[in-house]
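All remarks here apply to the structure that follows.
The values are calculated or read from the model by the stated rules, or taken from the named source; none is laboratory data. Keep in mind the model is a prediction, meaning the values are calculated, not measured. Every residue, glycine as well, gets a Cβ built from its backbone with ideal geometry; the counts of neighbours run over all protein chains shown.
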Amino acid sequence: MDLTVRGVVRRFGAVTALAGVDLTVAEGELLTILGPSGSGKTTLLKVVAGFEIPDEGTVHLGAEDVTLAPPRQRDVGMVFQNYALFPHLTVAQNVAFPLEMRRLAKPERDRRVAEALALVELSGYEARLPRQLSGGQQQRVALARAIVFNPRLLLLDEPFGALDRKLRESMQLEVRRLQRRLKLTTLFITHDQEEALILSDRVAVMNAGLIEQVGTPGEVYARPATRFVADFVGESNLLEGRAAADGMTEVAGLGRIALDGPVGANGATATLLLRPEALRVGAAAAGLANRASGRIVETVFLGLSVKLRLRLESGLELLARLPLRPSEPLPAAEGQTVPLGFAPEDVHVVGG
């Protein structure tokens, strides 16, 4: 593993920002730390970068213990959300700055700066100042500066947060292509779930200073390990189930349903996850093992799909997300009652 974090604790007075974090990032992997504000993800990034010293635990880059090493000795590149460019320096001077700190000769500096700017498609912008660039161009300069000295580890601290949606999506794909091309070991911090699922080889979900789950984007989305992960990553219908003696499951507000496997011994309880896209509405619900009916109380148009909020007679509300096809009308309008259903294999039993 290129990065290994073991038992890291960081306290700020009475507040424990990191409560014993264990994490490994393999060489060439892009791992995303995903979590809400205050979960500890930025503090973890600062510990890895050397801007914060942990109260307990260790940080290793390869076999080297860098827990107490200052940032300049860690061979780590970092891109911040606010770019952190020097406003009085040109693009070339900004990118060359890490090389000057490492006392590389000018011919070598010039060669590396040219290569880095070519990689981020900014050749010809060397003489411009940051204020003469767009937000996306400034972010590319920051990325070029972070990779120009061939770092062992690249840290990205919510680097696309200040960009508009279209530019953000474009930059996400550019960074992913560049990361794969250079085989850069990368730790990415974000609170944007979609961004994490798009970019990552693996995702680590943080909550209250701890990592609740690490897995591929597919694993974290389809098989969340805890209720927090199930609720935080993507939209969800979370149901409370109780195992019945005949292998069925009693769900509050929904009745008896069939699952692929039991939630536990008779009487055992568990949280069940049903993703909105797994819920079938209208004619599509016919023949499914688990069926009910609900009144459409809200319709939200999302472009390629539509989100429905359905209220069952019991008062339980479920979200459904249906693909939109121009040739097919919606199953019903707001206020109408429609059949709904889902397959046993579409329900995931949440671990905790």
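Can you give me the number of residues within the range 3-27 that are crowded, with 20+ Cβ neighbours inside 10 Å, over 19 Å from residue 74 (Cα atoms) and not basic (Lys, Arg)? Don't jump to the end; show me each part of the working.
Step one: of the range 3-27, the residues crowded, with 20+ Cβ neighbours inside 10 Å are 3, 5, 8, 10, 17-18, 21, 23, 25.
Now narrow it down to the ones that are over 19 Å from residue 74 (Cα atoms): 10, 17-18, 21.
Filter again for not basic (Lys, Arg), leaving 17-18, 21.
Qualifying residue count, the range 3-27: 3.
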Review point. Is the range 331-346 home to any residue that is closer than 26 Å to residue 228 by Cβ and in a strand (DSSP E or B)?
Key: yes
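Of 73, 93, which residue is modelled with pLDDT of 95 or more and under 23 Å from residue 182 (Cα atoms)?
Values: 73 fails: modelled with pLDDT of 95 or more.
Testing whether each residue is modelled with pLDDT of 95 or more and under 23 Å from residue 182 (Cα atoms) leaves just 93.
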Point to revise | Among residues of the range 125-161, those that are touching a Ser or Thr at 6+ places or on another chain (Cβ under 7 Å) and more than 19 Å from residue 188 (Cβ to Cβ), counted | key: 4
**Study point:** Enumeration of residues in the range 335-351 that are surrounded by fewer than 19 Cβ atoms within 10 Å (Cβ to Cβ) and over 33 Å from the mean Cα position of the chain (by Cα)
**Key:** 335, 336, 337, 339
Revision key, fill the gap. Result of the Cβ filter at 6 Å on the range 270-281, keeping first residues that are touching a residue at least 60 places away in the same chain (Cβ under 8 Å) and partners that are part of a helix (DSSP H, G or I), at least 6 apart or interchain, is 271/227; 273/230; 278/346
Review point. Given the range 214-314, what strands (runs of 3 or more DSSP E) lie entirely inside it while holding 3 or more residues that are surrounded by 15 or more Cβ atoms within 10 Å (Cβ to Cβ)?
Key: 237-243, 249-251, 269-274, 290-301, 305-312
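Does residue 79 satisfy the condition of being aliphatic (A, V, I, L, M) and farther than 30 Å from residue 132 by Cα? Before you say what the answer is, go through the steps one by one.
Numbers: aliphatic (A, V, I, L, M): yes; farther than 30 Å from residue 132 by Cα: no.
Here the answer is no, as residue 79 does not meet what is asked.
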Check your understanding: So residue 210 fits all but one of (1) within 29 Å of residue 263 (Cα to Cα); (2) within 13 Å of the chain's Cα centre (by Cα); (3) at pLDDT 95 or above; what number is the exception?
Key -> (2)
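Condition test on residue 264, is it within 32 Å of the chain's Cα centre (by Cα) and on the phi > 0 side of the Ramachandran plot? Quick ask: steps written out before the conclusion?
On the way: within 32 Å of the chain's Cα centre (by Cα): yes; on the phi > 0 side of the Ramachandran plot: yes.
It is true that residue 264 is within 32 Å of the chain's Cα centre (by Cα) and on the phi > 0 side of the Ramachandran plot.
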